[in-house]
Amino acid sequence: MNPESFRKRFAEIPSEMERIVAEGEIPGISCGARFGDIVETASFGVTNINHPLKVNDETFFQIGSITKTFVALAVMRLVDAGRIDLERPIKELIEDFALSDKGAEEKITMKHLLTHTSGMKGDYFKDFGYGKDALEKMVKSMSAIPQINPPGKILSYCNSGFYVAGRAIEVFTGKPFEEAINEMVSKPLELDKIRFFPEEIITERFAVGHQIEKEHISIARPWHIGRAMHPAGGIITNVKDLLKYSAFYFAESAPRRSGIISEDSFEALTTGKIDASPASKVALGWFVEEIEGVKVLQHGGGTNGQISLLIIVPDLNFSAAILTNSSEGSKATSIFTRIVIESILGLSPTTLTPANDALERAEKILGMYIGEMSDLDIFKKDGKLFIREIPRGGFPEEDSEPAPPSLPQEVSISEEGLLINHSEPYLSNAGEFMPDPSSEVAELRIGLRIYKRSLSNEIL
């Protein structure tokens, strides 16, 4: 790829994003790509259906869990400084760290936190106000949360682990989390549009989240996620600064990285070693996929009515990002990803195909699977296999009511025994069935989360 071909290929994106916005479920999109020092952006729609401003490439969006990559970078800088040991139990780093499972409390390390393998209840959301002690209070409150799996057993997406990692950053820097991230990441990477608080955004052009309920679009409230949850997903920025951040990971940026992070720490940060899905592994904060031998770093983000995605291909000095202001934003991010990977980069991801005996195989996996924030029902109807999600509530606030169940989506079983979804935006979201010692299906991991199979047909 050269600059001319990069610009030409990026030109495929606007028409698709315009079409998606015109459908009415996603009011606004801001996206872009970077190739070396060349940046292309495109923005569509409005920031807020009630008080609309045109979205542009300086519009602030919540980037949600992409924040976790900033946390991981800050932690690795503390590792380089000799302040944190990834293998040392967190209990030795944060004296008042406590869990209901005392065995897990003694074993969980920083590496477990950054790789989503701590086994703690991951989807735990609670607001402790705007004080500088909000994160400290959050971590102390975690003494009551359940332990889902033993530390290190299996990856299951864990927001709560990043609260603890963020608190460790506070302890070792002696500064509030937000200030520490700005000093350890934003400032050295020359990012000047990284924000955390509503008062920093209120005078700027910013996106408001939207939700779809009963085919009606409305403003998603509350807007802010709460200070205690900042390490898991609190950054607010625009597509230009996010692409500037991405360039730090380019191969050509190695010389300027040398004064910020060691080569060993950078390698650990970006090398996937633990299975996260059939196609990806987790590094430290990042999810890593090899497509035709090319390493691709990815992280998505989701807050209340805002969905985002960042893709980085270090060896090609390339990145792409998309920010949306709707709970249906995944419909845009999935199409954007396909254009980026297949059309711009010319790569062909592995495609799973249904097994000839998929329906016969399905008999062994039918039933209810119980998750933290939602349950999954896998069932047969009219000679086809379907899955539907039944939300439990608890997001964006601990006492939030559950959303209505999703419409059933057609799925099948691949030759490899994986669950394949045939519906947008989940075409590449394969599920893995985990057997128990007797080889019976006990768990399903899909969307990076673990769902335990229920022994009854009732929703627990």
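Three semi-axes describe the equivalent ellipsoid of the stretch 169-240; taken as square roots of 5 times the Cα gyration tensor eigenvalues and ordered largest first, they are 28, 15, 10 Å.
Close amide H partners of S454, meaning residues 5 or more places away or on another chain with modelled amide H under 5 Å apart, are M368, Y369, I370. Using the Cβ-Cβ distance between S218 and E58 with R0 set to 25 Å, the FRET efficiency from 1/(1 + (r/R0)^6) comes to roughly 0.45.
Taken over the alpha carbons of the chain as equal point scatterers, the Debye sum produces base-10 log I(q)/I(0) values at 0.12 Å⁻¹ of -1.08.
Here K295 is the anchor, and the aspartates and glutamates within straight C-alpha reach of less than 18 Å, apart from those fewer than 8 places off in the same chain, are E252, E263, D264, E267, D275, D315, E342. Maximal additional length on extending the K132-K273 stretch stands at 47.2 nm, based on 0.36 nm per residue less the C-alpha distance.
If the viscosity is 1.306 mPa s and the temperature 10 °C, what Stokes-Einstein diffusion coefficient in µm²/s follows for the stretch 276-317 when Rh is the Kirkwood radius over Cα pairs? D = 142 µm²/s. Using θ = phi - 60° in the Karplus curve 6.51 cos²θ - 1.76 cosθ + 1.60, the 3J(HN,Hα) couplings for the stretch 401-416 round to 6, x, 6, x, x, 6, 5, x, 10, 6, 9, 8, 10, 7, 4, 7 Hz; x is entered for Gly and Pro. For the stretch 74-228, a Kirkwood hydrodynamic radius built from all Cα pairs, placed in the Stokes-Einstein relation at 4 °C and 1.567 mPa s, yields a translational diffusion coefficient of 76 µm²/s. Sorting 129-139, 85-95 by average packing, meaning the other beta carbons within 10 Å per residue, from highest down gives 129-139, 85-95. Principal semi-axes of the equivalent ellipsoid, √(5λ) from the alpha carbon gyration tensor of the stretch 86-160, are 20, 14, 11 Å from largest down.
Our analysis of the stretch 294-439 gives Rg over Rh at 1.00, with the two radii drawn from alpha carbon positions and Rh computed by the Kirkwood formula.
With 19 Å as the limit, the listed pairs K214/K452; K187/K240; K153/K281; K121/K452; K91/K126; K102/K140 have K214/K452; K91/K126 beyond it between alpha carbons.
Computed over protein heavy atoms with a 1.4 Å probe, the carbon and sulfur contribution to the accessible area of the stretch 289-344 reaches 44%.
Where the centre of each part is set by its Cα atoms, how far does the stretch 162-238 sit from the stretch 17-84, in angstrom? Cα centroid of the stretch 162-238 versus Cα centroid of the stretch 17-84: 12 Å apart.
Average accessible surface for the chain: 43 Å² per residue, computed with a 1.4 Å probe over protein heavy atoms with every protein chain in place. Computed packing ranks the peptides 3-10, 59-66 as 59-66, 3-10, most packed first, by mean other Cβ atoms within 10 Å.
Each listed q (0.12, 0.19, 0.20, 0.23 Å⁻¹) maps to a log10 I(q)/I(0) for the stretch 183-285 from the Debye sum over equal C-alpha point scatterers, namely -0.61, -1.13, -1.16, -1.26. With R₀ set to 25 Å, the beta-carbon distance separating E410 from S348 gives a calculated FRET efficiency near 0.60. Couplings 3J(HN,Hα) for the stretch 148-158, derived from phi with the Karplus relation 6.51 cos²θ - 1.76 cosθ + 1.60 (θ = phi - 60°), are 7, 9, x, x, x, 5, 7, 7, 9, 3, 9 Hz, where x marks Gly and Pro.
Diffusion coefficient (Stokes-Einstein, Kirkwood radius over C-alpha pairs, 20 °C, 1.002 mPa s) for the stretch 232-360: 133 µm²/s, rounded to a whole number. Descending by average beta-carbon neighbour count within 10 Å, the peptides 308-318, 288-298 line up as 308-318, 288-298, the highest first.
Each residue of the stretch 21-132 gets 208 Å³ once the volume of the Cα convex hull is shared out per residue.
The values are calculated or read from the model by the stated rules, or taken from the named source; none is laboratory data. The shown structure was predicted, so the numbers you read here are calculated from the model rather than taken from an experiment. Here Cβ is always computed from backbone atoms with ideal geometry, including for glycine, and neighbour counts include all displayed protein chains. Heads up: the accessible areas ignore ligands, DNA and RNA and are worked out on the full protein's heavy atoms, side chains in. Shrake-Rupley method; radii C 1.70, N 1.55, O 1.52, S 1.80 Å.
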